[in-house]
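**Q** Dropping a structure here in structure tokens format, bear with me for questions.
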Amino acid sequence: MRSSTKVQRDLQPVMRLGKAAAQCDIQAKAYGACMFRSYENIEKDMCAKEFAAFKQCVQTKFGRKW
């Protein structure tokens, strides 16, 4: 059985990622709006510019690149 301390430590990166993404609401909204405009006809890279901006923001807020 895992201790609660181990579980908390395992969840820390996910929690940090969530906090970083929450700070990028403008970029997330732009990406979501782009996807929503054509959600019935999604194509690869159709919202690449918006996704790149969201990804860059999250990476900056998270503090490292993946």
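The values are calculated or read from the model by the stated rules, or taken from the named source; none is laboratory data. Treat the numbers as computed from the prediction; the structure is a model and nothing was measured. All Cβ positions, even for glycine, are placed from backbone atoms using ideal geometry, and neighbour counts span all protein chains on display.
**Q** Within segment 19-55, how many residues turn out to be part of a loop (DSSP other than H, G, I, E, B) and in contact with a Lys or Arg (Cβ under 7 Å, 6 or more places away or on another chain)?
**A** Residues of segment 19-55 that are part of a loop (DSSP other than H, G, I, E, B), as a first pass: 23-24, 38, 42-47.
Now narrow it down to the ones that are in contact with a Lys or Arg (Cβ under 7 Å, 6 or more places away or on another chain): 23-24.
Qualifying residue count, segment 19-55: 2.
**Q** Find all pairs meeting these conditions: Cβ atoms under 8 angstrom apart; at least six residues apart or on different chains; first residue within segment 19-48 and under 15 Å from Gln59 (Cα atoms); second residue among the charged types (D, E, K, R) and modelled with pLDDT of 95 or more.
**A** Gln27/Glu50
**Q** Give Phe54, Phe36 a once-over and let me know the one that is modelled with pLDDT of 90 or more and out of contact with any helix residue (DSSP H, G or I) (no Cβ under 7 Å at 6 or more places or on another chain). Reasoning before the result, please.
**A** Numbers: Phe54 fails: out of contact with any helix residue (DSSP H, G or I) (no Cβ under 7 Å at 6 or more places or on another chain).
Every option except Phe36 fails the conditions.
**Q** Additional query: Can you name every residue in segment 36-66 that is loosely packed, with under 15 Cβ neighbours inside 10 Å, closer than 30 Å to Gln12 by Cα and of a type outside the set (Lys, Arg)?
**A** The first filter runs over segment 36-66 and keeps only residues loosely packed, with under 15 Cβ neighbours inside 10 Å, leaving 36-46, 48-49, 52, 56, 59-60, 63-66.
Keeping just the survivors that are closer than 30 Å to Gln12 by Cα gives 48-49, 52, 56, 59-60, 63-66.
Residues satisfying the conditions are Ala48, Ala52, Gln56, Gln59, Thr60, Gly63, Trp66.
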